[in-house]
């Protein structure tokens, strides 16, 4: 039996299950990203939303209307920024975490370099995101 995704296209049940499972995985990664600055939360939630939109209206609606996660997705889609204080905290925690990982947890030079490159990329992305005056969860 075929199902229709948000755009009205027919998808098979195995593909639907794969998309929902992958979307749920990325929601889990997003939850970890809330507490670990190495993992950005919003991009993984956007991936989850895209996967859910293609596979399950129920999961998609749950995600975008969720009292915690929905705010991240809506703010991103509406082009709202990140408050300056949150930017500073995020970048500081990012570099502390990456720095400690690179110095104490990793012995391989190229992995250390990759960690620094990732931190630099995330930092640039955060800095380029428009600041917002206040933030409410």
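The values are calculated or read from the model by the stated rules, or taken from the named source; none is laboratory data. The structure presented is a predicted model; accordingly, all values stated were derived computationally and were not measured. Don't worry about glycine lacking a Cβ; one is built from the backbone with ideal geometry, like all the others, and counts go over all protein chains shown.
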- Picked from the range 83-134 (must be within 22 Å of residue 72 (Cα to Cα) and outside any helix (DSSP H, G or I)), the residue nearest to the chain's Cα centre (by Cα) is 129
- Query: Only one of (1) exposed (fewer than 14 other Cβ atoms within 10 Å of the Cβ); (2) at negative phi is not met by residue 79, so which one is it?
  - Reply: (2)
- Restrict the check to the range 36-45 and report whether at least one residue is in contact (Cβ under 8 Å) with a residue 24 or more places away in the chain, in contact with a helix residue (DSSP H, G or I) (Cβ under 6 Å, 6 or more places away or on another chain), surrounded by fewer than 17 Cβ atoms within 10 Å (Cβ to Cβ) and not in a helix (DSSP H, G or I). yes
- Item | Residues located in the range 19-35, provided they are surrounded by fewer than 17 Cβ atoms within 10 Å (Cβ to Cβ) and either touching a residue at least 24 places away in the same chain (Cβ under 8 Å) or within 24 Å of residue 98 (Cα to Cα) (or both) | 22, 24, 25, 28, 31, 32, 34, 35
- Item | Which numbered condition residue 67 misses (of (1) assigned to a helix (DSSP H, G or I); (2) at pLDDT 85 or above) | (1)
